[in-house]
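Below is one structure, written out as structure tokens; comments come after it.
Read-outs throughout are calculated quantities, based only on the coordinates presented, and are distinct from any laboratory measurement. Predicted, not measured: the structure shown is a model, and the values here were computed from it. Cβ coordinates were reconstructed from backbone atoms using ideal geometry, including for glycine residues, and neighbour counts include every protein chain displayed.
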Amino acid sequence: MGQTIVEKIISNHAGKAVHADELVVAGVDAAMASDTTAPLTIKAFRSMGGKTVWDPKRCILVIDHAAPAPNERIANLHLMMREFAREQNCVLFEAGAGICHQLMIEKNIARPGQIIAGADSHSTSYGAIGALGTGVGSTDLAAVLLTGKIWLKVPETIKIEIKGHMPEGLQSKDLILTVLGETGIAGANYQSMEFSGEAISRLSLAGRITMANMMIEAGAKTGFVHPAGLALPYEFTQVLPDPDAVYQRTINIDAAAIQPMVSRPHSPDKVVPVGEVEGIPIHYAFIGTCVNGRLEDLQVAARILKDARIHPSTRLTIGPASRQVFLDAVRDGTAEILTAAGATFIPPGCGPCVGTHSGVPGDNEVVISAANRNFKGRMGNPNANIYLASPATVAASAREGKIANPLGYC
């Protein structure tokens, strides 16, 4: 019987051939925790009697969700992480370095064919490069730090075939929102997703990360973007599914029929074409996070806002995914264009997305965000209404002061 990508990777780490629904213990290549989960992980590690992590070079701690620290309590949690990293000689990324998932790929820590346990649900992002990334709880991650192993039930796989080419001006965010409209937020619970097809092979690395990042919004345990067309700054071996691999189901999508898409409040799968919400006044626009804070995303926004101004009734906040992204945006003029248009840059990190600081909306404000979640209260205020969209749609909407179709600016 042929194997899917997830079956092959788990087999390589379990030391035997496995298939869907089997329970296995597998070795882990890296373990990552952010400042939302690392303090609990450290406490659990201590309570388990942990003295030394299994491999310091593969223990990654990132200060990104509330960074720089907005208050004394969080400052002390960051202090705990710094002290643990010094004690254990772990890898620590300080506040301002970037968002955990961006750094794991940008710094070449995550590699194709690996298993990476992250104490953050969007660890599925590593599927963009062919790694099995999966989110785990803090206690589970503590056990990984102690042993270097994880137990898994091998997921079934859903195959999503994207046929043809996407129309000019559309982004991978429009594509993944289209998929979420098909699956719903529970359509892939504890399953793997495999994206393939001509449209997928044309995606940049940034576009692939967007696709992999939001697999979790369908409930997926993990998932993969087919490596056809993938370019990385190092040599790698592609992990490919067998021709006779068994899939739980197949979803076919015509890329040519995709439109700019928007998720209405308060769920990522409440997806509609932008035309159904076009014209709704907005107060706050946000571009950033681990799903859409890369240079490519900022460049798209800059093309739409070049020689223009943000509408006076609206504000635009931009959170680069990493310090490197910000530096690249400064060097090529992207940051200058966006700043001149009235955008406010914040330090690289997750703040507005999770509502910790740096941009919490007010009561009854309407937000259009390039982030990955719009659940009630997601950005820190349950009385705000959040629409999700591509960076292009967010930029066009910030320019118009209302939800707008970006195709008029492409």
Residue ranges of DSSP H helices in the chain that stretch 18 Å or more (Cα, own long axis) and have mean Kyte-Doolittle hydropathy of at least -1.0 are 72-88
Over the chain, cysteine residues that find no other Cys C-beta under 4.7 Å are Cys100, Cys290, Cys350, Cys353, Cys410
Magnitude of the Cβ-charge dipole (Lys and Arg +1, Asp and Glu -1) of the chain about the Cα centre, nearest 20 debye, reported as 700
Note: region 103-227, point scatterers on Cα, Debye, no solvent; log10 I/I(0) at q = 0.11 Å⁻¹ equals -0.36
Once the in-chain neighbours fewer than 8 apart are removed, the lysines whose Cα is under 22 Å from Lys107 read Lys57
Length gained, Cys410-Leu327, 0.36 nm per residue minus C-alpha separation, equals 27.4 nm
Descending packing, highest mean Cβ count within 10 Å first, for 213-225, 229-241 is 213-225, 229-241
Listed by chain and number, the aspartates and glutamates with an alpha carbon less than 18 angstrom from that of Lys173, same-chain partners under 8 positions apart left out, are Glu161, Glu182, Glu194, Glu198, Glu217, Asp254, Asp269, Glu276, Glu278, Glu296, Asp297
Whole-Å distance linking the alpha carbon centroid of region 68-132 with that of region 349-410 is 25
The lysines whose Cα lies under 21 Å from the Cα of Lys51, excluding any fewer than 8 residues away in the same chain, are Lys43, Lys149
Here the percent of antiparallel bridges among DSSP beta bridges lying wholly in the chain, to the nearest 5, is 20
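Tell me the net charge near Thr4. Cut-off is 9 Å between Cβ atoms, Thr4 excluded, with +1 for each Lys or Arg and -1 for each Asp or Glu.
That works out to -2.
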Of the convex hull enclosing the alpha-carbon atoms of region 50-167, the direction-averaged projected area in nm² is 9.8
Region 223-298 and region 22-55 have their Cα centres apart by a whole-number Å value of 30
Highest mean packing first, using Cβ neighbours within 10 angstrom, the peptides 102-115, 301-314 sort as 102-115, 301-314
Among Val246, Asn71, Tyr126, the residue whose Cα sits farthest towards the positive end of the charge dipole of the chain, when +1 is placed on the Cβ of each Lys and Arg and -1 on the Cβ of each Asp and Glu, is Asn71
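Given charges of +1 on the Cβ of Lys and Arg and -1 on the Cβ of Asp and Glu, with all other atoms neutral, how large is the dipole of region 266-409 about its Cα centre, in debye to the nearest 20?
On the way: 13 positive and 12 negative charges, 36 e Å.
Magnitude of the dipole: close to 180 debye.
Calculate the tail of P(r) for region 266-409: the fraction of all Cα-Cα distances greater than 25 Å, expressed in %.
Values: 1776 of 10296 pairs.
For region 266-409, the fraction of Cα-Cα distances above 25 Å is 17 percent.
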For region 1-52, the charge dipole (Cβ of Lys, Arg +1; Cβ of Asp, Glu -1; about the Cα centre) points to a positive end, and the Cα of Ala33, Val6, Gly50 closest to that extreme belongs to Gly50
Across Ala66, Ala17, Ala212, the residue with the highest GNM fluctuation in the chain (Cα network, 10 Å cutoff) is Ala17
Farthest towards the positive end of the dipole of region 266-409, among Asn381, Gln299, Pro281 and with Cβ unit charges of +1 on Lys and Arg and -1 on Asp and Glu, lies the Cα of Asn381
Over the chain, the sum of -39500 (n - 2.57) across DSSP H runs of at least four, divided by residue number and rounded to 500 deg cm²/dmol, gives at 222 nm -8500 deg cm²/dmol
Relative contact order in percent for the chain (Cα pairs under 8 Å, 6+ apart) equals 18
